[in-house]
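Before any comments, here is the structure.
The numbers here are math on the coordinates, done by the rules we state, and not lab data. Predicted model only: the values in this text are computed from it and were never measured. For neighbour counting, all protein chains shown are included, and Cβ atoms are generated from backbone atoms with ideal geometry for every residue, glycine included.
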Amino acid sequence: MVIGRNAVNSSICINQNSLTSTECTILIWLLHEPPSGYLEGIEMRSLDGLELLPEPEDHRILTAIDPTAPGYPGKDYGISEQDAKELRWPAGPIKEFLWPWGAVMFSIGTVFLIVAWPWVTAYLTPILPNSEWAYEESGIRELQSLGLDGSGIHVCIVDTGIDMSHPDFGHQSLVGFRDFYNEQHDNVRDVGEEYHGTLMSGILIANGTFRGAAPNIDLSVALALGPEGSSGQGDKVAQAIRWCRITERVDIISLSLGGESGIGMTQHSATAAAVQEALDVGIFVVAAAGNTGLDTDANDVSTPSSIEGVISVGAQTKNGMVWSRSAYGSQSDPSTGLDRNFPNQKPEIIAPGVNIFSTISMDYATNYGYSSGTSDSTVFVTGALALILQLYGDEIAGEDGMIDADEIDLVKRNLAVSANRNNFDTNSHDSHFGYGKLDAMKWAESIAFELNIDD
């Protein structure tokens, strides 16, 4: 309890419930130095804890020390009791507004936002930052301007699946779907927690809110990665790659996945063997270099992108620089110890891969999201290659109509010499950015020049 030394008698005992009227009177006399012997014979309770303060200049000091104290009456300050109350509790009106009306308005606003969210997202999606820069920067839009859309080229994506109910996929019908994760082959879906497969597919085939790299390819999808997108179960990935080769007979296998030694995917694993089998029959394999650029323990790109004939893809940023997390390649092949030679040094190329706008599952209200990584970059190269095969596939295959190791080497060689090296200090291969940045148009032009194709 707190009292003022010079307070009037009517207000000196602030909490009347704790003192009797006699005790209160005694307190008043005590404060005014009563005559000696006046208190003899009067029994009084202990006043331990009683704090005496001089009368405060700030009228709110009582309630600052003791929030339960009512403070002095308004008449002591020459103001009304209501004005005194407002001085003691300046936040009172705000508190009265917040409860209950503030809570009511918050609840109404929350319900309104939930109900109106589909309309809100429909308005926001067209004005969200897109990734058009990536298609322009990579030369894909320039190739598309020739009327190319990937028609007639068969691509197989091995990932977490795909959500074909997305409106940007309405123009597509899957050529094939196979579930190697839990064998629900008739249930076309994306099991990824982040819908990685749908994100990657959108970069390639979307044709709605944005236009993908090769929207009219023939697409097969192999579900071989689990909800976390882990590629540790190499046997399932290997089965998926063999399905793409044997059953689907595709032109390109796109692998936005990879693994390091010791987690089920090495150059001597079933996955590496399946990839080599695909290369041997003339199927192009494009794979992610990995996101281990900041990992000092990583000494090479991920497998299977580390395999000689595979196009290993790193990531670049919007400002044209290599992404810091994009994996570094080794100058020698860890599986053989032999030096890697042109055009198979790792990684071969970098492509847009940071904050890429794409499709996600219809389970989300927005249906769109952003992704970063060499997985995204891989799909840009896959799309560019699909456009080039649509344009020059017959010429690349040659008189026998077959693509083999020589033709794969030709395509990779021209990818290397056509790469954009702006922003980089060297014209030779670099362990981080490879031969340079993807330029799809120059890649096509370089192939045409080598094959003496007269447009």
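Each residue of region 152-159 was assigned a 3J(HN,Hα) from its phi angle through the Karplus curve 6.51 cos²θ - 1.76 cosθ + 1.60 (θ = phi - 60°); the sequence is x, 9, 9, 10, 10, 9, 9, 6 Hz, with glycine and proline shown as x. Taking amide H atoms as placed 1.01 Å from N in the peptide plane, the amide H of G258 lies under 5 Å from those of S231, each 5 or more residues away in sequence or on another chain. Taken about its Cα centre, region 302-455 carries a charge dipole of roughly 980 debye when the Cβ of each Lys and Arg holds +1 and the Cβ of each Asp and Glu holds -1. Mind running the shape call on region 331-408? Use the C-alpha gyration tensor, a ≥ b ≥ c as the square roots of the eigenvalues: rounded below 1.5 for a/c, prolate if a/b tops b/c, oblate otherwise. Here region 331-408 falls in the oblate category. The listed peptides 440-450, 377-387, ordered by packing as a protection proxy, come out as 377-387, 440-450 (highest mean of other Cβ atoms within 10 Å first). Taking other residues whose beta carbon is less than 13 angstrom from the beta carbon of G329, and scoring Lys, Arg as +1 and Asp, Glu as -1, yields -4.
Coupling constants for region 242-259 follow from the phi torsions by the Karplus curve (6.51 cos²θ - 1.76 cosθ + 1.60, θ = phi - 60°), and in residue order they are 5, 5, 4, 6, 7, 7, 8, 6, 7, 8, 9, 10, 9, 10, 8, 7, x, x Hz; glycine and proline get x.
Multiply the residue gap between D394 and N355 by 0.36 nm, knock off their C-alpha separation, and tell me the result in nm, one decimal place.
Answer, rounded to one decimal: 10.5 nm.
What's the center-to-center distance, using Cα atoms, between region 279-343 and region 433-455 in Å? Using only Cα atoms, the two centres lie 20 Å from each other.
Distant-in-sequence amide contacts of I360, defined by a placed amide H-H separation under 5 Å and a gap of 5 or more residues or a different chain, comprise Y368, G369. Put simply, when 158-169, 282-293, 365-376 are sorted by average Cβ atoms within 10 angstrom per residue, most first, you get 282-293, 158-169, 365-376. As a calculated quantity, the FRET efficiency between E81 and T110 at R0 = 56 Å, using C-beta atoms, amounts to about 0.90. Computed 3J(HN,Hα) for region 170-179, one whole-Hz value per residue from the Karplus formula 6.51 cos²θ - 1.76 cosθ + 1.60 where θ = phi - 60°, is x, 7, 9, 10, 4, 6, x, 9, 9, 9, glycine and proline marked x. When the listed pairs K346/K437; K346/K442; K236/K437; K412/K437 are checked against a 22 Å cut-off, the alpha-carbon distance exceeds it for K236/K437. Using the Cβ of V275 as centre and a radius below 12 Å, the other residues enclosed give a net charge of -1, where K and R count +1 and D and E count -1.
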